[in-house]
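*Asks:* Quick one: structure below, then a few questions.
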Amino acid sequence: MKIPVELIQMLRNSQEIAVLTGAGISAESGVPTFREAQTGLWAQYNPEELATPQAFQRNPALVWEWYAWRRELVAKAQPNQGHLALVKMGMYQKNLTIVTQNVDGLHQRAGSQNVIELHGNIQRFKCATEHRILTEWGEQTAIPPHCPHCHGLIRPDVVWFNENLPEQALTQALQLINRCDMLLSIGTSALVQPAASLPLVALRAGATVVEINPDTTPLTAHAQFVLQGKAGEILPQLLQVTWGSLQELSSC
């Protein structure tokens, strides 16, 4: 794909870049999208009926086991060239922050430092009663295990349907979006709110919005630049034509 010269110049001159990522970039690492993950034993369940506080109240063991299975899928995945290109981009453009809708932690595993997780992290746990983050709870046979502090149930630290986004993460994301001069929207359907509205907020604040996606989305008509294709192919190319070869950046 030919990268527009105007975009290259704008990237080189940008003061702060915000990157919004969705399920598409993780799918290139083999992480099934939310609905694609329903295979085998779990094919009989609607994911939107499992990922809710109400489902956890009705059958906490079922929900816990489903997330345990999903964690196994995520653990087998490795960061792809799209994730790695963003790490390299952050080496050159220090004011680059990733806002991700993904819960797999692949950006951090790739090496990105500035990551805001809008929907939590599937490898992290919290008390369902007191909401404190938990890293250990001793040896327990109960499914799900119980909080060692209040004996409440332990759940994944992810945002379920009918739940608000983490207040701190959303505040940080909005502050970033309102001050950035460039936003890259990568692999997101632009359908899931409130994340879907962030590129529009950036546009209203005067930022240049670039969409990188194999498919058209509701954002496509509004973005100043649309690079149609996979993140793992386009981001390394964008990085190379903007800031030089990957080898040169690796030796910095």
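*Asks:* Among the residues that make up segment 176-183, is at least one of them touching a strand residue (DSSP E or B) at 6+ places or on another chain (Cβ under 8 Å), farther than 26 Å from THR208 by Cα, hydrophobic (A, V, I, L, M, F, W, C) and modelled with pLDDT of 95 or more?
*Replies:* no
*Asks:* While we're here: I'm checking my understanding of the structure. Among residues of segment 95-142 that are touching a residue at least 40 places away in the same chain (Cβ under 8 Å) and hydroxyl-bearing (Ser, Thr, Tyr), which one is nearest to GLN54 (Cα to Cα)?
*Replies:* Per the criteria, the residue is THR100.
*Asks:* Select from segment 223-245 the residues that are at pLDDT 95 or above and part of a loop (DSSP other than H, G, I, E, B) and list them in ascending order.
*Replies:* ALA223, GLN224, GLY229, LYS230
Conditions (1) in contact with a helix residue (DSSP H, G or I) (Cβ under 9 Å, 6 or more places away or on another chain); (2) surrounded by 15 or more Cβ atoms within 10 Å (Cβ to Cβ); (3) modelled with pLDDT under 95; (4) in the same structural domain as THR242 (by TED's automatic domain parsing), marked per residue:
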residue: PHE56; (1), (2), (3), (4): yes, yes, no, no
residue: VAL87; (1), (2), (3), (4): yes, yes, no, yes
residue: ASN95; (1), (2), (3), (4): no, yes, no, yes
residue: GLN101; (1), (2), (3), (4): yes, yes, no, yes
residue: ALA110; (1), (2), (3), (4): yes, yes, no, yes
residue: GLU139; (1), (2), (3), (4): no, no, yes, no
residue: ALA169; (1), (2), (3), (4): no, yes, no, yes
residue: GLN172; (1), (2), (3), (4): no, yes, no, yes
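*Asks:* How many of the residues making up segment 174-195 are surrounded by fewer than 17 Cβ atoms within 10 Å (Cβ to Cβ) and not aliphatic (A, V, I, L, M)?
*Replies:* 5
*Asks:* Next question, about the same structure. May I ask you to list pairs of residues, at least six apart or on different chains, whose Cβ atoms are under 6 Å apart, with the first in segment 202-230 being assigned by TED's automatic domain parsing to the domain that holds LEU191 and the second being of a type in the set (Lys, Arg)?
*Replies:* What qualifies is PRO214/LYS230.
*Asks:* List the helices (runs of 4 or more DSSP H) that sit entirely inside segment 52-97 and contain at least 2 residues that are over 20 Å from the mean Cα position of the chain (by Cα).
*Replies:* 53-58, 60-76
Yes/no per residue for (1) outside any helix (DSSP H, G or I); (2) over 15 Å from the mean Cα position of the chain (by Cα):
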| site | (1), (2) |
| --- | --- |
| THR171 | no, yes |
| LEU174 | no, yes |
| ILE177 | no, yes |
| LEU184 | yes, no |
| THR188 | yes, no |
| LEU191 | yes, no |
| ALA196 | no, no |
| ALA202 | no, yes |
| ILE212 | yes, no |
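*Asks:* Would you say CYS127 is touching a His at 6+ places or on another chain (Cβ under 9 Å) and within 30 Å of GLN57 (Cα to Cα)?
*Replies:* Yes; evaluated as a whole, the condition is true for this residue.
*Asks:* Filter segment 134-166 for residues that are part of a strand (DSSP E or B) and under 23 Å from ALA77 (Cβ atoms) and give the result.
*Replies:* Residues satisfying the conditions are ARG155, PRO156, ASP157, VAL158.
The values are calculated or read from the model by the stated rules, or taken from the named source; none is laboratory data. Remember, it's a predicted structure, so these values are computed and weren't measured experimentally. For neighbour counting, all protein chains shown are included, and Cβ atoms are generated from backbone atoms with ideal geometry for every residue, glycine included.
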